[in-house]
Amino acid sequence: MRAAVFTEVNEPLAIEDIQVDKPAPYEVLVRTGATGVCHSDLHFVEGLYPMDTPTVMGHEGAGVVEAVGDAVIDVAPGDHVILCLSVYCGRCEHCISGHPARCQDKPVRAATDAPRLSLDGQSVGQMANLATYAEQMLVHENSVVKIREDMPFEGAALIGCGVTTGVGAALNTAQIRPGSSVVVFGTGGVGLGAIQGAKIGGAAQIIAVDIHESKLRTALDLGATHVVDSSSHDPVEAIIELTNGGADYTFEAVGLKETAEACWESLKPGGVTTIIGMIPVGTKIEIEGSGFKERKLQGSSMGSNRFKLDMPKYVEFYMQGRLLLDEMVTKRDSLDGINEAFRAMKAGEVARTVLMFD
C-alpha cells in the first residue's frame, strides 16, 4: 500500500510502498476513506516533539473495515468506522474510572512481535498507533468505533481528532455553562471545534481570536458571535472590553506560550483557561502570581473523550445540522498532496485539508 513516511526532521514526507501485516487477534484492518491533516503532525515533522523514524504519519481518519482478528467483537468487515488516537486498554485505573483518554497502558504489539508496518524488511512506526496517511490502517480494536454508513468520510475523519478535541474540550473538560462567555484563541480545526462545542453547550458569547481574516470569517460562520484580529488589536484588552471584565472560559488552540498567557489574562475572577494546543516541549508558561482570584488553568487531552460514546453522538449532531463539518474543510486533495497541505496549513491558508482515498 502507499503511505506518507516521515524520515527526517524538516524534510518532506516521502510516498512509499509499505507492507502491512495481517490483523492479530485484537486488531482491525481498515481501508482508508479520508484523513484530515492536523497541525499536530507538523509539530513532529518540524522537530518540536520527538518521534522515531521512519514513521507513517497521520492520526485523523475514517474508512471501511476490511478484516478483523479472531478475537474482535465490536466491528466486522464492511463496517464504516472512525479511528481515534485515544486507544485504551480498558483495564487500568483511568479506563475503569471512566477516563479512557488518560490511559497510560495503550495496547500495542510487543517488540518481539512482527511489526504492523514495514518497508524493505525494516519496521515502520505508526503515528499515534494509527498512521492514517496510508491506503490501509492496521490498528487495535480499541482504536475504532462503528458509525452509520451514510456519514461522509471527510466529515467523519475530522471527528477523529480535531472536532473531538475541540468540542470535547468545551463540553467534557471545561463543561461550559449555558449563557456563559467563551473565548477561543486559534481558529484552525481544533479551535473551530471548540467554538462549535461552545455553541452546542449554550454559550451566550463566543469570541474567536486569530491573525488570519479568512479564518475569522469561518469562525463567524460556525458560531462565533465576535472576532478579534490579534494581528492589529491587543486581544486581552479587546476581550476584557467585550466581556465587561473578562471571560468565563478561555481556550488555547494554537500551541504557543503567548496565547496561553493571553488566555489566562483574559479571564474573569473564577474563570477557567483550558490548554488544548500542543505547546512545544520545554516551554514555560508564566501566569500572574498575585491575586489568582479563583481562576483555574487546566489541560485537555483529546477533549477528555469517551470516543466510542462521543463520536457516534457527534455524527448525529452533524446529520441533524447542529455540528458543521463541511464548512471546516478548506481544501480536498489526494495522498500525494500531503506536503502541500502542510505548507498551506503553516501559512494559515486553510482551516483543514482533507486527503481523500478511492
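The values are calculated or read from the model by the stated rules, or taken from the named source; none is laboratory data. Predicted model, so just to flag it, every value in this text is computed and none were measured. Heads up, the Cβs are rebuilt from the backbone with ideal geometry, glycines too, and the neighbour counts pull from every protein chain shown.
Which residue is nearest to residue 339 (Cα to Cα), if the candidates are limited to segment 7-32 and must be in contact with a helix residue (DSSP H, G or I) (Cβ under 6 Å, 6 or more places away or on another chain) and crowded, with 20+ Cβ neighbours inside 10 Å?
Within segment 7-32, the match that is nearest to residue 339 (Cα to Cα) is 13.
Name the single residue that is surrounded by the fewest Cβ atoms within 10 Å (Cβ to Cβ) among those in segment 290-317 being touching a strand residue (DSSP E or B) at 6+ places or on another chain (Cβ under 8 Å) and of a type in the set (S, T, N, Q).
298
Which members of segment 143-165 meet the condition of being surrounded by fewer than 24 Cβ atoms within 10 Å (Cβ to Cβ) and outside any strand (DSSP E or B)?
Within segment 143-165, 148, 149, 150, 151, 152, 153, 154 qualify.
Looking only at segment 285-308, which residues are of a type in the set (A, V, I, L, M) and either assigned by TED's automatic domain parsing to the domain that holds residue 73 or within 23 Å of the chain's Cα centre (by Cα) (or both)?
285, 297, 302
Take the residues in segment 193-225 that are over 15 Å from residue 166 (Cα atoms) and among the polar types (S, T, N, Q), then tell me which one is surrounded by the most Cβ atoms within 10 Å (Cβ to Cβ).
218
Looking only at segment 108-130, how many residues end up being of a type outside the set (A, V, I, L, M) and either surrounded by 18 or more Cβ atoms within 10 Å (Cβ to Cβ) or part of a strand (DSSP E or B) (or both)?
At the first step, the residues of segment 108-130 found to be of a type outside the set (A, V, I, L, M) are 109, 112-113, 115-116, 118, 120-123, 125-126, 129.
With either surrounded by 18 or more Cβ atoms within 10 Å (Cβ to Cβ) or part of a strand (DSSP E or B) (or both) added as a condition, the list becomes 115-116, 118, 122-123, 125-126, 129.
Total meeting the criteria: 8.
List pairs: first residue in segment 219-238 and closer than 18 Å to residue 265 by Cα and part of a loop (DSSP other than H, G, I, E, B), second residue among the acidic types (Asp, Glu) and modelled with pLDDT of 95 or more anywhere in the structure, Cβ distance under 7 angstrom, at least six positions apart or on different chains.
Listed by first residue and then by second, the contacts come to 230/210.
Run down 321, 282 and say which single residue is outside the structural domain of residue 179 (by TED's automatic domain parsing), in a loop (DSSP other than H, G, I, E, B), of a type outside the set (Ser, Thr, Tyr) and surrounded by fewer than 21 Cβ atoms within 10 Å (Cβ to Cβ). Spell out how you get there, then give the answer.
Values: 282 fails: outside the structural domain of residue 179 (by TED's automatic domain parsing).
Just a single option satisfies the conditions, and that option is 321.
Which residues, taken from segment 166-203, are assigned to a loop (DSSP other than H, G, I, E, B) and touching a Ser or Thr at 6+ places or on another chain (Cβ under 6 Å)?
174, 203
Out of (1) under 29 Å from residue 52 (Cβ atoms); (2) assigned by TED's automatic domain parsing to the domain that holds residue 28, what's the single condition that is false for residue 151?
Residue 151 satisfies every listed condition except (1).
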